[in-house]
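Remarks on the structure that follows.
The values are calculated or read from the model by the stated rules, or taken from the named source; none is laboratory data. Predicted model, so just to flag it, every value in this text is computed and none were measured. Cβ placement follows ideal geometry from the backbone for every residue including glycine, while neighbour counts extend to all protein chains displayed.
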Amino acid sequence: MRPADAGSDSTKLCRREPEGSLYLEDTGMSLSPLIRKILLVDLIKGLKVTFNYQPPSEAITEQYPLERPVIFERYRGQPRLKVDPENGNSMCIVCNLCALACPEQLIVVKGERNPVTKRKEPVSWTYDLSRCMFCGLCAEACSTDALELTQDYEMALYSREGMVLDQAALEKGQEPVQYVK
Amino acid sequence: MLEAIRSYLNSSATPGEAGSMFWATIYILLITIGVSLAVISMNWLERKILAHMQIRLGPMRVGPHGLLQPFADALKLLIKEDIIPDNADKLVFWSAPVVVTMTAFTTFLVVPFGREHAVTDMNIGILFMLGISSLGVLGIIMAGWSSNSHYPLMGSLRSSAQMVSYEVAMGLAIVCAVLMTSLQTGTGTLSMIGIVEAQAQQHTWFIFKFFPLGFLAFAIFAIAMVAETNRAPFDLPEAESELVAGFHTEYSGFRWSLFFLAEYAAMLAVSSIAVTLWLGGWMRPFPTWLGGPAWDLAFSFVPALTFFVLAGMCLLGTVRMPKIPQMKIQTAGLGIFGLLLGFIGLVLMVPGVRERVQDIYWFVAKVAFFMYLYIWYRGTFPRYRFDQLMKVGWKILLPTGLGVLIATALWGLLPQLGSAIVGVLP
């Protein structure tokens, strides 16, 4: 819980507690403890709770490869370099702000000026995912909104080989994984 | 040959009564296969129902809705390395699971699945069942002692203490039911078939007899039987959080699976005692209130109907399966399973089969209710502490059982007492 909404939430929690049949106030409080014990009131109450949870629609399990979780927009996952959709040029202007912002210094950008368009264009871009902690400072620092951290999360690999992403990989983004089994 | 089979099927005698070795062997084979199948399906059902009670889904990946999971587990257990600890007592270690499994399966000799569907009708049936099922604790102690390890030993000691304390209350509850059999005929019976027939003669299940008393005796038995089979909330002998796995900590592979098999077979056996003594055994509900040939016919369709409902559920599941190529085989499998269930339902519609099968159906349905209770308890109740367990056994169940026994005897004697008093009075 974040400190900002701590107050309101804690009062809500307090109010939430007594509701539901789990708690003792609603029924049976008038019975004496001995009679409750003999009639197994509490045990039957517990049995009722587990019985009512049985419909499979109650299950909160997510069948992961079959159904994918809802990822929030502010989630920071696989990095991506945007491409101008009109002409296919990279939106990166090699200002190096991301590399400076990165606390791990895992971004290395080299570029040179294009004599025709007079724009600076990236020549080599490397992004070392194995060292990235997904703080998102690079994306915040980017002056052209070219670099972003997407909601893709399936970044696990069998070796360290593919961990260093180059410009092509960054621009392509992540292919959705297809599970065969 | 065919003539012999037909004449046997038309007679209404258990193989024991008919003195037929051949049919006894067939019955024993059928019961062994049936119990093993029941254990397999119980494995799946327990995992699914328990999971749903805990708002999970349970096995979903091996076969449609995890239907093949028990088979996968069985295969895994069979090919697993079989480890015997270095300093274990090899002979005892080897024979413990055999003892447990054999005792658990032997009890089914006298279980009456129907008037003619029992291997034999012993005149001491219930005594035999109790005796054999308490022998199971011997196997548990053997397993715990021979493992030469702390946890198994503690597990088996707990198990023996628990069995001894709950056997007493259980015995008292059973004596109540046996007393009730003697009410109209004057002579009681210990035979399992005789007990059910007594309930048929008295037109009531013993759970409703002498209203609070029959129910109380049943309740005592129902609690004691959970303790007797080492199931939650009385699963102290195999308390996972305290004793790793209790008496079978050192067992692996096939031997472990024998313990598993025996535990579930024992649960089935004890449930069938409860069904026989209090819930009218193989009798269908309301045999007199909803009596007559029309109701008989209607009730004889219930087994087929059950299978049709199950088949319908499977086919509904087939329709609801995610429509993606990866699930094609699973969907087809579920459909075939549904059709198989439907086919079994159709077979149960055939008149000859229908009449022969319905008492088995009612017995199994009642036992299934108890198996569901076992799972329900496990999903709900936390484990008792050992002193609490002993307190429940000795301070609550035993006195209540004694009181119920005395009250039952007095109530049964009331008419005679009344006539005696009337005779004494001038």
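Give the residue, chosen from A:Thr144, A:Thr150, A:Thr126, A:Thr61, that is within 14 Å of another protein chain (Cβ to nearest Cβ), among the polar types (S, T, N, Q) and either touching a Phe, Trp or Tyr at 6+ places or on another chain (Cβ under 6 Å) or surrounded by 12 or more Cβ atoms within 10 Å (Cβ to Cβ) (or both).
Answer to the check: A:Thr61.
Please pick out the residue among A:Glu86, A:Glu112 that is touching a strand residue (DSSP E or B) at 6+ places or on another chain (Cβ under 9 Å), among the acidic types (Asp, Glu) and either over 14 Å from A:Val164 (Cβ atoms) or surrounded by 12 or more Cβ atoms within 10 Å (Cβ to Cβ) (or both).
Answer to the selection: A:Glu112.
Could you list, ordered by first residue, the pairs with Cβ atoms under 6 Å in which the first is in the stretch B:42-53 and over 16 Å from B:Leu310 (Cβ atoms) and within 13 Å of chain A (Cβ to nearest Cβ) and the second is part of a helix (DSSP H, G or I) and polar (S, T, N, Q), at least 6 apart or interchain?
B:Met53/A:Thr50
Okay, residues lined up against (1) β-branched (Val, Ile, Thr); (2) touching a strand residue (DSSP E or B) at 6+ places or on another chain (Cβ under 9 Å); (3) more than 14 Å from chain A (Cβ to nearest Cβ):
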residue	(1), (2), (3)
B:Ile55	yes, no, no
B:Gly66	no, no, no
B:Pro70	no, no, yes
B:Pro97	no, no, yes
B:Phe128	no, no, yes
B:Ala143	no, no, yes
B:His150	no, no, yes
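Does the stretch B:185-207 hold any residues that are under 24 Å from the mean Cα position of the chain (by Cα) and among the polar types (S, T, N, Q), and which are they?
B:Thr189, B:Ser191, B:Gln199, B:Thr204
Can you tell me which condition A:Gln54 does not meet? The list is (1) more than 30 Å from B:Ala219 (Cβ to Cβ); (2) within 14 Å of chain B (Cβ to nearest Cβ); (3) not hydroxyl-bearing (Ser, Thr, Tyr), and all the others hold.
The number of the failed condition is (1).
Residue check: is B:Ile140 of a type in the set (Val, Ile, Thr), surrounded by 23 or more Cβ atoms within 10 Å (Cβ to Cβ), at pLDDT 85 or above and not in a loop (DSSP other than H, G, I, E, B)?
Answer is yes for this residue.
Against the condition farther than 22 Å from A:Leu47 by Cα and either surrounded by fewer than 20 Cβ atoms within 10 Å (Cβ to Cβ) or within 23 Å of the chain's Cα centre (by Cα) (or both), how does B:Leu389 come out, does it pass?
no
Residues that are closer than 30 Å to B:Arg56 by Cβ and modelled with pLDDT under 90: find the strands (runs of 3 or more DSSP E) completely inside the stretch A:56-160 holding 1 or more of those.
Answer list for the stretch A:56-160: none.
For the stretch B:319-378, name all the residues that are outside any helix (DSSP H, G or I), within 14 Å of another protein chain (Cβ to nearest Cβ) and not basic (Lys, Arg).
B:Met321, B:Pro322, B:Ile324
Looking only at the stretch B:389-426, count how many residues are under 22 Å from B:Thr187 (Cα atoms) and without any contact (Cβ under 8 Å) to a residue 12 or more places away in the chain.
Residues meeting the conditions: 10.
Filter the stretch B:74-95 down to the residues that are charged (D, E, K, R) and out of contact with any helix residue (DSSP H, G or I) (no Cβ under 7 Å at 6 or more places or on another chain), then identify the one that is nearest to the other protein chains (Cβ to nearest Cβ).
Restricting to residues being charged (D, E, K, R) and out of contact with any helix residue (DSSP H, G or I) (no Cβ under 7 Å at 6 or more places or on another chain), the top hit is B:Lys76.
Any idea which of (1) surrounded by 17 or more Cβ atoms within 10 Å (Cβ to Cβ); (2) at pLDDT 85 or above; (3) more than 14 Å from chain A (Cβ to nearest Cβ) is the one B:Trp23 doesn't satisfy?
(2)
So, in the stretch B:199-209, how many residues would count as being surrounded by fewer than 23 Cβ atoms within 10 Å (Cβ to Cβ) and either in a helix (DSSP H, G or I) or in contact with a Gly (Cβ under 8 Å, 6 or more places away or on another chain) (or both)?
5
Specify the residue that is surrounded by the fewest Cβ atoms within 10 Å (Cβ to Cβ); the eligible residues are those in the stretch A:91-109 that are more than 16 Å from A:Leu149 (Cα to Cα) and touching a residue at least 40 places away in the same chain (Cβ under 8 Å).
For the stretch A:91-109, the residue satisfying everything is A:Leu100.
Could you give every pair whose Cβ atoms fall below 6 Å, whose first residue belongs to the stretch A:114-143 and is among the charged types (D, E, K, R), and whose second residue is in a loop (DSSP other than H, G, I, E, B), counting only separations of at least 6 or pairs across chains?
Every condition considered, the pairs that remain are A:Lys120/A:Ile93; A:Lys120/A:Val94; A:Glu121/A:Asn114; A:Asp128/A:Leu106; A:Arg131/A:Glu104; A:Arg131/A:Leu106.
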